[in-house]
Amino acid sequence: MTSPILHVRALRKNFGPTEVLRGIDLKIAPQELVFVIGPSGSGKSTLLRCCNRLEEPTSGAIHFDGVDLMARSTDINAMRRRIGMVFQSFNLYPHMTALGNVTLALRKVVGKSRAEADALGLAALDRVGLAAKAKSYPGELSGGQQQRVAIARALALEPAMMLFDEPTSALDPELVGSVLAVMRELKAAGMTMLVVSHEMRFARDAADRVIFMDHGLIVEESPPAQIFGAPQETRTQAFIAELTR
Amino acid sequence: MNAFLEAFFKPNLIAQYWPLILKGVLVTIEIAFAVVITGLLLGLLLAVIRSLQIKLLNALIVVFVDMFRALPPLVIVLIVYFGLPNIGISIPSFAVLWLVLSLVLAAFAEEIFWAGILSIPKGQWEAARSTGFGFLGTLAYIVLPQAVRLTVPPITNRTVAITKNTALGTVIGVPEILNQATTAQSFSGNATPLMMGALAYVILFIPVVALGRFLETRFAWRRS
């Protein structure tokens, strides 16, 4: 593997007495698309949320592009700009237009002028096919459109990597395709992605590597053809069998 | 009917006392404006401080808020105006009324703004933080704009209710509407000045209520 852009070592996370992550080691290479699957409660979303410290790890090390994310001297807000995140429930700002959502951080965090931010924001919206909806409020958009605006919001900051936390789980089935199409385009453009999702067909088509998690540990990781075709571990076999039943 | 008009709307008394009532209206407007501005700003500031979740400060805020919500404003006005001079602090009656009502409004406003801040879903914070906003940036650009909009109706109601308490100024001699009206009433022995005062309150506060309703629709956004 070329030197990883994200390197997680011995990551543990407890919620009170519950151990949600019990020692995760994970390397993600630039331009790689890594899928995380596993039963609910396996810790996959928590793992994802630890990667930009939205969830504070209990112990372990996380390096992003060589920078120690756990170090006190690290400006985590600055690092988060370089790690885009997309949520299950979109989390668009309801009081702002699509363009307002996409440009807010550009203006108020990066410090760009409104004109500059608008140009970048429109380009990001165009990339997800929603330039025409720039002036719409989230409440006026379908779930699929909202999620694509959320992706544009992250993309506008030109992140080096994107985290997707079940991006299609809250969508009606007919709207899933539009979001996956955007993710395919990102992959084709060389974006590094870590995706927690139940979209197994997408994983099979687009992922470079699939990680199966259970009870806070990585049980198995391999290319999609292998993990779906010939899983090695019994727990993986049971999970895959359950999915394809 | 004539007797009724004589008792409440005597024309020559209206003519005689309207300048006095008008003076009272101006004083009431001055105090009300000052109270609304300082009370709401202080309330918002306290709510923001509370969101920092510093235990000691939170405890102090809760004590302050609960006390000023529990005490009748009249009691506080009397204690401050008649009590503080005994320890060498004497504040002019106008300032006492402004200070007390500001604190009362701040106490209620803090609770309302705080509830508004709490009602903003965690996902909004997370989305903002994930794009590099710090705590205060998230509060300023994402959480407060939504929270404040949500709180416009209860804040308006509470603001109207508390600015009406400017009438309490009459007991410490602030020359506001009610003070002018009761003075005129005792000189004339007729309730006409009181009716004029009542009318002045209605004329003064109906636009405020209407403004609240306007803001409510103006700041509403289409919800998903």
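What follows is calculated from the coordinates using simple rules that are stated; it is not laboratory data. Quick caveat: nothing in here was measured; it's all calculated off a predicted structure. No Cβ is skipped: glycine too gets one built from the backbone with ideal geometry, and neighbour counts run over all protein chains shown.
Data table
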read-out	value
Residue exposure sequence - A:M162, A:M96, B:M1 - by fewest surrounding Cβ within 10 Å	B:M1, A:M96, A:M162
Fewest-first sequence of B:W98, B:W18, B:W125 by Cβ atoms within 10 Å of each Cβ	B:W18, B:W125, B:W98
Nearest-0.05 FRET efficiency for A:D208 and A:A181, computed from C-beta distance (R0 25 Å)	0.85
Contact order relative to length of region B:22-222, as percent, for alpha carbon pairs under 8 angstrom and 6 or more apart	28
Counting DSSP beta bridges with both ends in the protein assembly as shown, the antiparallel % (nearest 5)	55
Residue exposure sequence - A:S3, A:S45 - by fewest surrounding Cβ within 10 Å	A:S3, A:S45
Mean Kyte hydropathy of 1.0 or more with a Cα span along the axis of at least 27 Å, helices from DSSP in chain B	B:11-51, B:93-118, B:192-218
Counted charge near B:A147, where neighbours are those whose Cβ lies closer than 13 Å (Asp, Glu -1; Lys, Arg +1)	0
Residue-count net charge about B:F64 - beta-carbon cut-off 14 Å; Lys, Arg +1, Asp, Glu -1	-1
Residue of B:A184, B:A106, B:A15 that the Gaussian network model of chain B assigns the largest fluctuation, springs spanning Cα pairs under 10 Å	B:A15
Net charge of Cβ neighbours under 14 Å - reference B:W114; Lys, Arg +1; Asp, Glu -1	0
Shape category assigned to region A:18-148 from the gyration tensor of Cα positions, a/c cut at 1.5	prolate
